[in-house]
Amino acid sequence: KTNIQSVFDSQKWKVKQGKDYPHRNAMLDAIVYTDNFRKLSKSELLNELGEPSYYREDKNYLHYIITQTRLLSWPLHTKVLVIKLKEDESVEWIKIHE
């Protein structure tokens, strides 16, 4: 069961309007619930998804902000795609963190 909204488009994924990424939420299912991205290496992921929104201490986690609700400039709610990489830079898991 695929709907047209869950088709991934690398160019649209990278579009940023102000502080927001208007297309990411619609494409999230295509990343989380298909095997396409689980088969990619770190360099392929970076090519498809662009640079992560931020890194934490551990560089084996890629964080991509999907949506963020703000009050003025304070983030109230942030939805983040997290991709954990193994030592060989293959994908260990993909999760949505809210």
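Give me the orientation-averaged projected area of the Cα convex hull of the chain, in nm², one decimal. Write out the running numbers ahead of the final one.
Working: hull surface 26.4 nm².
Across all orientations, the chain yields a mean hull projection of 6.6 nm².
How much length is gained if the chain between GLU57 and GLU44 is pulled fully straight, taking 0.36 nm per residue apart and subtracting their Cα-Cα distance, in nm to one decimal? Display every interim value, and only then the final one.
Working: separation 13, 0.36 × 13 = 4.68 nm, distance 2.16 nm.
Answer, rounded to one decimal: 2.5 nm.
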Subject >> DSSP-assigned coil residues among GluC sites (Glu not before Pro) in region 26-64, each with at most 14 further Cβ atoms within 10 Å >> reply: GLU57
Original post:
Taking only C-alpha pairs under 8 Å that are 6+ residues apart, what is the relative contact order of region 1-73 in percent?
Top reply: 28 percent
Original post:
Tell me, what ³J(HN,Hα) does each residue in region 27-36 have, in order and in whole Hz, if you take phi through Karplus 6.51 cos²θ - 1.76 cosθ + 1.60 with θ = phi - 60° and put x for Gly and Pro?
Top reply: 9, 4, 4, 5, 8, 6, 9, 10, 8, 3
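Every read-out reported here was derived from the displayed coordinates using simple, explicitly stated rules and does not represent laboratory data. Here the structure is a predicted model, which means the values were calculated and not measured. No Cβ is skipped: glycine too gets one built from the backbone with ideal geometry, and neighbour counts run over all protein chains shown.
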